[in-house]
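Structure, as structure tokens:
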Amino acid sequence: MTEKFNAQVTIIGGGIGGMATALALQRRGFQVAVYERAKEIREVGAGVIITANARRALHDLGVDEKLEALSSTISIFHTCHFATGEVLRAVSSEDIRRKVGIASLGVYRADLHSVLMASVLANDPHCLHASSEFVGLEQDETGVTVKFASGASARSDVVVGADGNASAVRSFLFPGEAPKFAGQVAFRSLIPYALVPASVRERGSIMSAGPGRYLLCYPLRGGQIMNLIGLVQSGEWEEEGWTTPATNEEFAQAFAGYEPDLLELIHRIPQGELFKWGLRDREPLQNWTVGRVTTLGDAAHPMTPFLGQGACMAIEDGLILARAFAASSTVQEALGRYEAVRKPRGTLVQLASREEGQTLQDPSKKRRTAQDRGLMDYDPVSVPV
Ligand SMILES: Cc1cc2nc3c(=O)[nH]c(=O)nc-3n(C[C@H](O)[C@H](O)[C@H](O)COP(=O)(O)OP(=O)(O)OC[C@H]3O[C@@H](n4cnc5c(N)ncnc54)[C@H](O)[C@@H]3O)c2cc1C
């Protein structure tokens with residue numbers, strides 16, 4: 001057994017990955033400080049599916065039960081014909097439990113974020129710092145100094161860039177790395193369940209892939225809210241980010257030819273609840289780490305959302321990073337173990353998500369979900385580090 005060493009860890013980005021990492025490190029006795037660029041540390045109100053692989057990590061972090069109580073178990077996932085609504089495939093939560101041990105949850109992102117953040121703050125009420133935008137760093141043999149847009153700086157032993165898809169830490173470590181437009185525009189919205197047409201409500205969770213388009217809806221918060229996402233091929237370079245407003249008409253127009261009940265659902269999205277953005281795809285990084293600085297979550301393996309695994313991967317990363325620290329006696333050893341375990345998995349899921357995006361919108365190809373690909377079998381609690 002290696003003697004435990006002390007390391008102070010700076011985490012850039014207070015999203016799902018940053019919070020999961022902070023909690024996992026704290027629970028193994030490491031001191032963390034999280035720096036978030038937003039004025040207030042919180043998540044946008046949108047949905048995310050959390051599958052067995054990530055739930056194992058959340059259980060280890062002591063928050064899975066709390067999250068389950070706030071969320072919706074995906075009881076039956078229906079794959080439907082885009083134009084007729086005919087159910088082509090139905091996978092029940094029992095099927096998933098039988099195959100991978102734990103059902104998937106439809107989760108309101110803000111709920112996931114707040115259960116993680118509450119536990120982080122309970123461990124250390126002073127470790128979260130808002131209005132702290134990372135702009136650069138300097139490192140030497142003894143530590144890393146991070147610089148913020150405000151002119152402030154912070155020194156620690158290690159830095160973890162958990163600052164998302166357009167990561168400034170990644171750009172700093174690997175200049176020249178650039179996003180590619182994935183040729184897809186995404187729409188996201190939340191709809192009160194009372195407004196959901198009956199046939200959609202009865203099916204509950206629907207995946208509907210038509211030529212060049214993909215629609216997904218599932219309930220959140222014990223069935224109070226329907227989360228609706230639409231992805232459509234496009235030649236337009238839309239803004240990256242989650243906050244550009246869209247209109248019901250442009251969303252419905254993009255899905256012309258879809259079954260009437262799903263189009264009706266689009267028309268019933270309340271004002272102010274519909275947003276669009278351009279998906280960015282990026283090539284896998286050759287390395288995630290430079291010296292005492294590493295990357296995690298979307299910063300390390302930015303992926304398109306077609307397998308619904310980005311947040312799950314960020315949670316897995318956070319737990320494995322903390323386990324690597326607990327198993328090591330130097331920063332270099334810990335970061336080496338982390339990258340060796342996580343890079344193959346992050347890269348695999350990043351490339352599989354890209355492939356699935358191409359398959360989904362071509363009706364002649366057979367879809368392979370995260371479950372079909374065995375991604376939910378992964379156990380971040382017991383995989384050797
Ligand atoms: C349409 C869609 C549907 C999805 N559905 C699913 C799903 O069902 N299941 C799933 O697992 N995943 C899903 N994902 C993916 C998931 O949302 C992301 O992979 C996940 O949020 C990544 O977490 P993160 O913490 O790495 O990054 P983020 O959540 O992006 O967090 C990064 C944080 O860093 C902060 N930040 C950024 N720059 C700086 C800076 N310079 N300094 C300080 N702070 C900074 C940001 O403000 C933010 O708080 C979906 C994604 C999309 C687009």
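Out of Arg37, Arg55, Arg27, I need the residue that is of a type in the set (Lys, Arg) and closer than 26 Å to Ser93 by Cβ. Which one? Before the answer, list the steps.
Numbers: Arg37 fails: closer than 26 Å to Ser93 by Cβ; Arg27 fails: closer than 26 Å to Ser93 by Cβ.
Criteria check complete, one pass: Arg55.
I'd like the residue in the stretch 108-129 that is of a type in the set (A, V, I, L, M, F, W, C) and outside any helix (DSSP H, G or I) and, out of all such residues, is surrounded by the most Cβ atoms within 10 Å (Cβ to Cβ). Steps first, answer last, please.
Of the residues in the stretch 108-129, the ones of a type in the set (A, V, I, L, M, F, W, C) are 110, 112, 115-118, 120-122, 127-128.
Imposing the further condition that a residue be outside any helix (DSSP H, G or I) reduces the set to 127-128.
On the way: Cys127: 16, Leu128: 21.
If we take residues in the stretch 108-129 being of a type in the set (A, V, I, L, M, F, W, C) and outside any helix (DSSP H, G or I), then Leu128 is surrounded by the most Cβ atoms within 10 Å (Cβ to Cβ).
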message: Residues to consider are Ser189, Ser205; find the one that is touching a Ser or Thr at 6+ places or on another chain (Cβ under 9 Å) and buried (at least 20 other Cβ atoms within 10 Å of the Cβ).
response: Ser205
task: Go through Ala252, Ala311 for me and flag whichever is within 21 Å of Tyr378 (Cα to Cα), part of a helix (DSSP H, G or I) and either more than 10 Å from the ligand (Cβ to nearest atom) or in contact with a strand residue (DSSP E or B) (Cβ under 6 Å, 6 or more places away or on another chain) (or both).
output: Ala311
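Being in contact (Cβ under 8 Å) with a residue 12 or more places away in the chain and either near the ligand (Cβ under 10 Å from one of its atoms) or touching a strand residue (DSSP E or B) at 6+ places or on another chain (Cβ under 9 Å) (or both) is the requirement here; does Gly101 meet it? I'd like the intermediate steps shown before the answer.
Values: in contact (Cβ under 8 Å) with a residue 12 or more places away in the chain: yes; either near the ligand (Cβ under 10 Å from one of its atoms) or touching a strand residue (DSSP E or B) at 6+ places or on another chain (Cβ under 9 Å) (or both): no.
It is false that Gly101 is in contact (Cβ under 8 Å) with a residue 12 or more places away in the chain and either near the ligand (Cβ under 10 Å from one of its atoms) or touching a strand residue (DSSP E or B) at 6+ places or on another chain (Cβ under 9 Å) (or both).
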- prompt: When both residues are 6+ apart or on different chains and their Cβ atoms are under 8 Å apart, which pairs have a first residue that lies in the stretch 11-31 and is assigned to a helix (DSSP H, G or I), and a second that is modelled with pLDDT of 95 or more and among the hydroxyl-bearing types (Ser, Thr, Tyr)?
  reply: Leu23/Ser119
query: Being within 27 Å of Glu68 (Cβ to Cβ) and either free of Cβ contacts under 8 Å to residues at least 60 places away in the same chain or surrounded by 19 or more Cβ atoms within 10 Å (Cβ to Cβ) (or both), is that true of even one residue in the stretch 239-254?
result: no
query: For the stretch 145-187, how many residues meet the condition of being modelled with pLDDT under 95, away from the ligand (no atom under 12 Å from the Cβ) and of a type in the set (Gly, Ala, Ser)?
result: 3
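Residue-by-condition table, conditions (1) surrounded by fewer than 24 Cβ atoms within 10 Å (Cβ to Cβ); (2) at pLDDT below 95:
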| residue | (1), (2) |
| --- | --- |
| Ala334 | no, no |
| Tyr338 | no, no |
| Arg354 | yes, yes |
| Gln358 | yes, yes |
| Lys365 | yes, yes |
| Pro384 | yes, no |
- request: Out of the residues in the stretch 350-384 that are aliphatic (A, V, I, L, M) and part of a helix (DSSP H, G or I), state the one that is farthest from Ile74 (Cα to Cα).
  value: Leu351
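Can you find, within the stretch 166-176, the residue that is nearest to Leu335 (Cα to Cα) among those that are in contact (Cβ under 8 Å) with a residue 60 or more places away in the chain and surrounded by fewer than 19 Cβ atoms within 10 Å (Cβ to Cβ)?
Of all residues in the stretch 166-176, those in contact (Cβ under 8 Å) with a residue 60 or more places away in the chain come to 166-170, 173-174.
Adding the requirement that they be surrounded by fewer than 19 Cβ atoms within 10 Å (Cβ to Cβ) leaves 166, 174.
On the way: Ala166: 22, Phe174: 17 Å.
Per the stated criteria, the residue is Phe174.
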query: Here is a list of conditions, (1) within 14 Å of the chain's Cα centre (by Cα); (2) more than 15 Å from Arg323 (Cβ to Cβ); (3) among the hydrophobic types (A, V, I, L, M, F, W, C); (4) crowded, with 21+ Cβ neighbours inside 10 Å, and Leu58 meets all of them except one; can you say which number that is?
result: (2)
- prompt: Could you say whether any residue in the stretch 12-28 is surrounded by 21 or more Cβ atoms within 10 Å (Cβ to Cβ), away from the ligand (no atom under 16 Å from the Cβ) and not assigned by TED's automatic domain parsing to the domain that holds Ile191?
  reply: no
message: Checking the condition outside the structural domain of Arg188 (by TED's automatic domain parsing) and touching a strand residue (DSSP E or B) at 6+ places or on another chain (Cβ under 8 Å), which residue from Gly357, Gly318, Gly257 passes?
response: Gly357
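Looking at this structure, is Leu348 farther than 20 Å from Ala166 by Cβ and more than 12 Å from the chain's Cα centre (by Cα)?
Spelling it out, Leu348 is indeed farther than 20 Å from Ala166 by Cβ and more than 12 Å from the chain's Cα centre (by Cα).
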- line: Asp281 passes all but one of the listed conditions (1) in contact (Cβ under 8 Å) with a residue 60 or more places away in the chain; (2) more than 16 Å from the ligand (Cβ to nearest atom); (3) touching a strand residue (DSSP E or B) at 6+ places or on another chain (Cβ under 8 Å); the exception is number (2)
- request: Could you tell me which residue of the stretch 287-308 is farthest from the ligand (Cβ to nearest atom), considering only residues that are surrounded by fewer than 24 Cβ atoms within 10 Å (Cβ to Cβ) and of a type in the set (S, T, N, Q)?
  value: Asn287
- prompt: Of the conditions (1) in contact (Cβ under 8 Å) with a residue 60 or more places away in the chain; (2) within 16 Å of the ligand (Cβ to nearest atom); (3) in contact with a Leu (Cβ under 8 Å, 6 or more places away or on another chain), Thr73 fails just one. Which one is it?
  reply: (1)
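The values are calculated or read from the model by the stated rules, or taken from the named source; none is laboratory data. Treat the numbers as computed from the prediction; the structure is a model and nothing was measured. Quick reminder, even Gly has a Cβ in these numbers, built from the backbone with ideal geometry, and neighbours come from all protein chains shown.
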